[in-house]
Amino acid sequence: MGQKVNPISYRTGVVIGWKSRWYASKQDFADLLLEDQKIRKFIKNHPKKTQYRNAGIDKIEIERTRDEVKVVLHVARPGLIIGKKGQEVELLQEELQNLIGRVVNLKIEEISRPELRAQLVAEEVAQQLQKRSSFRRTMKRAMEQTMDAGAKGIKIQLAGRLGGAEMARREKQISGSIPLSTLRAKIDYGFTEAKTAQGHIGVQVWINNGMYTGDASDGSDAEEGQAPKKPKRTYKR
């Protein structure tokens, strides 16, 4: 089951928060959801500024209040978006305000370890494939960099006409452990497409960054085989 489910959607609301954090009535919900999608597509695929695609944008979080829309970019190379003296950020903020017709507050956060972000690893693999690099060598190099950065495990899967072959096929490589069905596991997932001359190649990346730490009292009892005999009950009055 775990192989067929997006690990991020599987954990959203349980151990991972939502990327869009706002509340809306039934009448406005669909419009605001489409507005969020429009913001993300505009930033990721900017019509004029191609340097945004090389900036390493991992995720875009959106929060809404009555007065403004707060957009947080998690970027590996923020200098490409900030520009000299922050001029590029102000231009992007104005463009977003004109796009949706609301006040936008743009914030940029730097990613310290891009090798541990699945989306960025997938985009790096896709760029190498577009430069006609060997897919096996590209996969191996990406996995070594991620494991050296401190990941517990990584899986990369490519699908398409690999190496210009006549028949499309699927290749995958795994290093370390990838517990996809364990909710406590920090599994990051990324997907992108490499647009090669022979056709599109799908790139999927799973990265295991360890376990979420929390109140593990019940878990420790179960591990030691000393589960409490009388579980606490809640009574309704």
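The values are calculated or read from the model by the stated rules, or taken from the named source; none is laboratory data. Bear in mind that the values here come from a model prediction, so they are computed numbers and not experimental data. For neighbour counting, all protein chains shown are included, and Cβ atoms are generated from backbone atoms with ideal geometry for every residue, glycine included.
Would you point out which residue out of Gly190, Gly160 is under 30 Å from Gly13 (Cβ atoms) and not assigned by TED's automatic domain parsing to the domain that holds Lys44?
Result of the check over Gly190, Gly160: Gly190.
Among the residues of the stretch 135-178, write down those that are farther than 13 Å from Gly190 by Cβ, among the hydroxyl-bearing types (Ser, Thr, Tyr) and either surrounded by fewer than 16 Cβ atoms within 10 Å (Cβ to Cβ) or in contact with a Ser or Thr (Cβ under 9 Å, 6 or more places away or on another chain) (or both).
Result: Ser175, Ser177.
Could you check the stretch 83-107 and list, in sequence order, the residues that are surrounded by fewer than 18 Cβ atoms within 10 Å (Cβ to Cβ) and closer than 14 Å to Ile57 by Cβ?
Glu88, Val89, Lys107
How many residues does the stretch 93-123 hold that are within 23 Å of Asn209 (Cα to Cα), part of a loop (DSSP other than H, G, I, E, B) and not hydrophobic (A, V, I, L, M, F, W, C)?
The qualifying residues number 3.
Every residue in the stretch 1-37 that is closer than 17 Å to Val71 by Cβ and among the aromatic types (Phe, Trp, Tyr), please.
Trp18, Trp22
Please specify each residue of the stretch 38-52 satisfying the condition of being more than 15 Å from the chain's Cα centre (by Cα) and more than 19 Å from Glu68 (Cβ to Cβ).
Asn45, His46, Pro47, Lys48, Lys49, Thr50, Gln51, Tyr52
Scanning the stretch 178-237 for residues that are of a type in the set (A, V, I, L, M, F, W, C) and either modelled with pLDDT under 90 or outside any strand (DSSP E or B) (or both), which turns out farthest from the chain's Cα centre (by Cα)?
Ala227
Can you tell me which condition Glu90 does not meet? The list is (1) over 21 Å from Tyr212 (Cα atoms); (2) part of a loop (DSSP other than H, G, I, E, B), and all the others hold.
(2)
Quick check on the stretch 2-41: of everything there that is touching a residue at least 24 places away in the same chain (Cβ under 8 Å) and basic (Lys, Arg), which residue is nearest to Asp58 (Cα to Cα)?
Within the stretch 2-41, the match that is nearest to Asp58 (Cα to Cα) is Lys19.
Return yes when Arg132 is surrounded by fewer than 17 Cβ atoms within 10 Å (Cβ to Cβ), in contact (Cβ under 8 Å) with a residue 24 or more places away in the chain and on the phi > 0 side of the Ramachandran plot and no when it is not.
yes
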